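First up is the structure itself, then whatever we jot down about it.
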Amino acid sequence: MLKARIIPILTFNGFGLVKTKNFANPRMVGNPVQAARVYNNRGVDELVFVDIFASNQKRKLNLKLIADVIKECYMPVAIGGGIESIDDINNLLKIGADKVVIKTKALTDKAFIKEAVSFFGSQCISIAVDAYQTADGYKIHSKLDLDIDMKQFIADMIDCNVGEFVVNSVDKDGLMDGFDTALINEVEKLTNIPIIAVGGGGKMEHYATLFTETKVQAVGSASIFHFTQFTPLDIKNQLHEIGVPVRI
């Protein structure tokens, strides 16, 4: 059995780290380079760094800052935000990113995702699935005024042979009141592609519930590390106690 991955999520606004609630009201929470240094010292399995405003503001990522973040990391790093071209991906990989996380471009240009997978390989391309619940099922959150059914979006990305889904519950984002296990189970029914479950972790029992009620093998978190005393090692110890394999 694969070992569970505990993955801090760093969200960036172009100036500093921010944390949202329900994808709104970003709150400043720190410096990305310092945070990467701390997480590296704590031996996390991976790190995800996403500029959550780059696409909406139609700007490129700050490659110098990202390079400084990556220099602090001896774990795999995924970078996202504002990715529009093959050159954008290539520039991130050249400065040390292990993979990229794409959302906005995936919503509007399936052909680009196919091209990126063909060019760089499935293992390099992760897709952000930012989902919220409606009376008609889960939809994909975006700032493009699009009505996108989650099942169809995932089917389209499966067709592109992407390597991973980062599944984030908009309804649970930043609330620290538990994961949307129904969402994760829904996605698991649709695909065998690896999933990182994100959104809602605030207590140790939330992680135990996630790993016992779903088949997920990776979890991403932010608020629990910013606003409590819990560390990634605490989560690993909790999972180890319930028999989930982890790297300690």
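The values are calculated or read from the model by the stated rules, or taken from the named source; none is laboratory data. Being a predicted model, the structure only gives us computed values, none of them experimental. Note that each Cβ is placed from the backbone with ideal geometry, even for glycine, and that neighbours are counted across all protein chains shown. To get the accessible areas, we keep the full protein, side chains included, count just its heavy atoms, and leave off ligands, DNA and RNA. Shrake-Rupley method; radii C 1.70, N 1.55, O 1.52, S 1.80 Å.
Among the residues of the range 149-161, the one identified as open to solvent by less than 30 Å² (accessible area, probe 1.4 Å) and in a loop (DSSP other than H, G, I, E, B) is 160. As a summary of the residue check, residue 171 satisfies the conditions (1) on the phi < 0 side of the Ramachandran plot; (2) in contact with a Lys or Arg (Cβ under 9 Å, 6 or more places away or on another chain) except for the one numbered (2). Filtering the range 163-178 down to residues that are in contact with a helix residue (DSSP H, G or I) (Cβ under 6 Å, 6 or more places away or on another chain) and free of Cβ contacts under 8 Å to residues at least 60 places away in the same chain, which residue is nearest to residue 107 (Cα to Cα)? Per the criteria, the residue is 167. Of all residues in the range 158-192, those that are more than 23 Å from residue 115 (Cα to Cα), in contact with a Ser or Thr (Cβ under 7 Å, 6 or more places away or on another chain) and among the acidic types (Asp, Glu) total 3. Take the residues in the range 24-80 that are touching a strand residue (DSSP E or B) at 6+ places or on another chain (Cβ under 7 Å) and of a type in the set (Asp, Glu); name whichever of them is surrounded by the most Cβ atoms within 10 Å (Cβ to Cβ). Taking the candidates together, the pick is 51. Within the range 81-90, the set of residues being open to solvent by less than 40 Å² (accessible area, probe 1.4 Å) and not charged (D, E, K, R) comprises 81, 82, 83, 85, 86, 89. Screening the range 211-241 for residues that are among the aliphatic types (A, V, I, L, M) and over 16 Å from residue 171 (Cα atoms) and picking the one that is surrounded by the fewest Cβ atoms within 10 Å (Cβ to Cβ) gives 233.
Residue count for the range 175-195, restricted to those that are more than 26 Å from residue 122 (Cα to Cα) and open to solvent by less than 20 Å² (accessible area, probe 1.4 Å): 1.
Determine whether residue 138 is free of Cβ contacts under 8 Å to residues at least 60 places away in the same chain, touching a Lys or Arg at 6+ places or on another chain (Cβ under 8 Å), surrounded by fewer than 21 Cβ atoms within 10 Å (Cβ to Cβ) and in a strand (DSSP E or B). So residue 138 fails the test.
Regarding residue 198, is this residue buried (at least 21 other Cβ atoms within 10 Å of the Cβ) and under 23 Å from residue 77 (Cβ atoms)? Yes; evaluated as a whole, the condition is true for this residue. Among the residues of the range 103-122, is any in a strand (DSSP E or B), under 20 Å from the mean Cα position of the chain (by Cα) and without any contact (Cβ under 8 Å) to a residue 60 or more places away in the chain? Scanning the range 103-122 turns up no residue that is in a strand (DSSP E or B), under 20 Å from the mean Cα position of the chain (by Cα) and without any contact (Cβ under 8 Å) to a residue 60 or more places away in the chain.
Where the second residue is in a strand (DSSP E or B) and aromatic (Phe, Trp, Tyr) and the first is within 17 Å of residue 179 (Cα to Cα) and lies in the range 3-25, which pairs have Cβ atoms under 9 Å and are six or more apart or on separate chains? Partner pairs satisfying both residue conditions: 9/49; 22/132; 23/132.
Among residues of the range 234-246 that are within 8 Å of residue 4 (Cα to Cα), those with a Cβ under 8 angstrom from a residue that is open to solvent by less than 60 Å² (accessible area, probe 1.4 Å) and modelled with pLDDT of 95 or more, sequence gap 6+ or separate chain, pair up as 244/4; 244/211; 245/4; 246/4; 246/6; 246/236; 246/239. Restricting attention to the range 123-145, the residues that are over 20 Å from the mean Cα position of the chain (by Cα) and of a type in the set (D, E, K, R) add up to 2. Number of residues in the range 91-117 that are surrounded by fewer than 19 Cβ atoms within 10 Å (Cβ to Cβ), among the aliphatic types (A, V, I, L, M) and under 14 Å from residue 36 (Cβ atoms) equals 1.
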